[in-house]
Amino acid sequence: MQELINKIEAVSQKYSKQYKIKRNPSWFLLKLQEEVGELTQCYLMMTGKGRSKNKTKKELRDDFEKELADVFCHVLLLARANGVDVEKAIDNKWLTWYKKLKKKNRENVSKQQHKKETSRKGVK
């Protein structure tokens, strides 16, 4: 993940130098908000809830995917600018729930297996 973030950061730095943009703490959040707006527009167009601007379905899908990539990259840039370890944050927030679900599923499978074994033996 860190290698990807470093590549995205290099592109962002090149972009900011080329267009003379000063990246400061608020820029990262505001730029993300701009990209979310563009993603929303593409989604509305792709799903027929906005004007298609004479674009084909494929063009609309391609635009949507590009804007989704922009949002993802700007989330990573925002995290990097604020010293957030994205993998750790995901592990602490999302994967904690995944681990709980996985444990519960193992317990349910174990209970079902026990129930089948006892019913085969005629134990109630």
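Derivation of every value follows stated rules applied to the coordinates shown; laboratory data play no part. All of these numbers come straight from a predicted model, not from anything done at the bench. A quick note on method: Cβ atoms are made from the backbone with ideal geometry, for glycine too, and the neighbour counts reach across all protein chains shown.
Things to note:
- Which labelled figure in [x] 2, 10, 15, 16, 15, 12, 10, 8, 6, 4, 2, 1, 0; [y] 2, 9, 12, 13, 12, 11, 11, 8, 5, 5, 4, 4, 3, 1, 1, 0; [z] 2, 11, 21, 22, 17, 11, 7, 4, 2, 1, 1, 0 is P(r) over Cα pairs in 5 Å bins from 0, in percent, once derived from the coordinates: [y]
- For the range 1-84, with +1 on Lys and Arg beta carbons and -1 on Asp and Glu, the positive-most of Tyr43, Asn82, Ile5 along the dipole: Tyr43
- Shape class of the range 51-112 from the alpha-carbon gyration tensor: oblate, with a/c at 1.5 or above and b/c at least as large as a/b.
- The chain, relative contact order [Cα under 8 Å, separation at least 6], %: 26
- The stretch between Lys49 and Gln113, if pulled fully straight at 0.36 nm per residue, gains 18.2 nm over its current Cα-Cα span.
- Other residues whose C-beta falls under 12 angstrom from the C-beta of Ile5 contribute a net charge of -2, scoring Lys and Arg +1 and Asp and Glu -1.
- Around the Cα centre of the chain, unit charges on the Cβ atoms of Lys, Arg, Asp and Glu (plus for the first two, minus for the last two) sum to a dipole of about 960 debye.
- Expressed as a whole percent, the proportion of Cα-Cα pairs in the range 85-124 lying more than 11 Å apart is 67%.
- With the highest mean first, a sort of the peptides 6-17, 72-83 on other beta-carbon atoms found within 10 angstrom per residue produces 72-83, 6-17.
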